[in-house]
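Each remark here refers to the structure printed beneath this line.
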């Protein structure tokens, strides 16, 4: 059975909690990513996504360089451990209607992230492998 550690992204882009929304937006643009993990004292305390910035800053016509990340970040982020079966991660994402999960080791250390894209790539690989195995079996028959 595959686990989250098998497909998670280990290089998670983070930002410190005391930065502004503008600082976060610059990183999102430069790295071509859609979210950041917010850190305080080397521990994750929240996440901020492009959607958060649009809904909580741009739509209110607020000045991004004047808005603190702590004012717009999602503090109740969801997480799983690296040993969580992929099916468990998918279920948590579906139950909470979220697009990404933070991966924490020992309930506190950030070790990765898993996104809908990671899950889609995993599923695609699994479907392709199963299709090849079915072809091999049908050729033997």
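Read-outs: derived from the displayed coordinates by stated rules, not from any lab. Here the structure is a predicted model, which is why all the values come from computation and not from measurement. Reconstructed Cβ throughout: ideal geometry from the backbone, glycine too, with neighbour counts over all protein chains shown.
The set of residues from region 48-78 being in contact with a helix residue (DSSP H, G or I) (Cβ under 6 Å, 6 or more places away or on another chain) and assigned to a strand (DSSP E or B) comprises just one member, 48. Every test in (1) in contact (Cβ under 8 Å) with a residue 24 or more places away in the chain; (2) out of contact with any strand residue (DSSP E or B) (no Cβ under 6 Å at 6 or more places or on another chain); (3) surrounded by 13 or more Cβ atoms within 10 Å (Cβ to Cβ) is passed by residue 58 save one, and that test is (1).
When every residue of region 54-76 is checked against the conditions, at least one turns out to be over 18 Å from residue 22 (Cα atoms) and under 19 Å from the mean Cα position of the chain (by Cα). Filtered by the rule that a residue be more than 29 Å from residue 26 (Cα to Cα) and loosely packed, with under 14 Cβ neighbours inside 10 Å, region 1-15 gives 1, 2, 6.
Residue 42 passes every criterion in (1) exposed (fewer than 15 other Cβ atoms within 10 Å of the Cβ); (2) at negative phi apart from (2).
If you check residue 119 against the conditions, is it within 14 Å of residue 5 (Cα to Cα) and touching a strand residue (DSSP E or B) at 6+ places or on another chain (Cβ under 9 Å)?
Values: within 14 Å of residue 5 (Cα to Cα): yes; touching a strand residue (DSSP E or B) at 6+ places or on another chain (Cβ under 9 Å): no.
Against the criterion (within 14 Å of residue 5 (Cα to Cα) and touching a strand residue (DSSP E or B) at 6+ places or on another chain (Cβ under 9 Å)), residue 119 does not qualify.
Just name the residue that is nearest to residue 110 (Cα to Cα) out of those in region 79-90 that are assigned to a loop (DSSP other than H, G, I, E, B) and touching a helix residue (DSSP H, G or I) at 6+ places or on another chain (Cβ under 6 Å). Checked region 79-90; the qualifying residue nearest to residue 110 (Cα to Cα) is 82. Scanning region 89-115 for residues that are out of contact with any strand residue (DSSP E or B) (no Cβ under 7 Å at 6 or more places or on another chain) and under 26 Å from residue 51 (Cβ atoms) gives 90, 91, 94, 95, 96, 97, 98. For the structure I just gave you, tell me whether residue 5 is part of a helix (DSSP H, G or I), without any contact (Cβ under 8 Å) to a residue 60 or more places away in the chain and within 14 Å of the chain's Cα centre (by Cα). It is false that residue 5 is part of a helix (DSSP H, G or I), without any contact (Cβ under 8 Å) to a residue 60 or more places away in the chain and within 14 Å of the chain's Cα centre (by Cα). The C-beta contact set for region 73-91 (first residue at positive phi and touching a residue at least 12 places away in the same chain (Cβ under 8 Å), second residue outside any helix (DSSP H, G or I) and crowded, with 20+ Cβ neighbours inside 10 Å, distance under 8 angstrom, 6+ apart or interchain) is empty.
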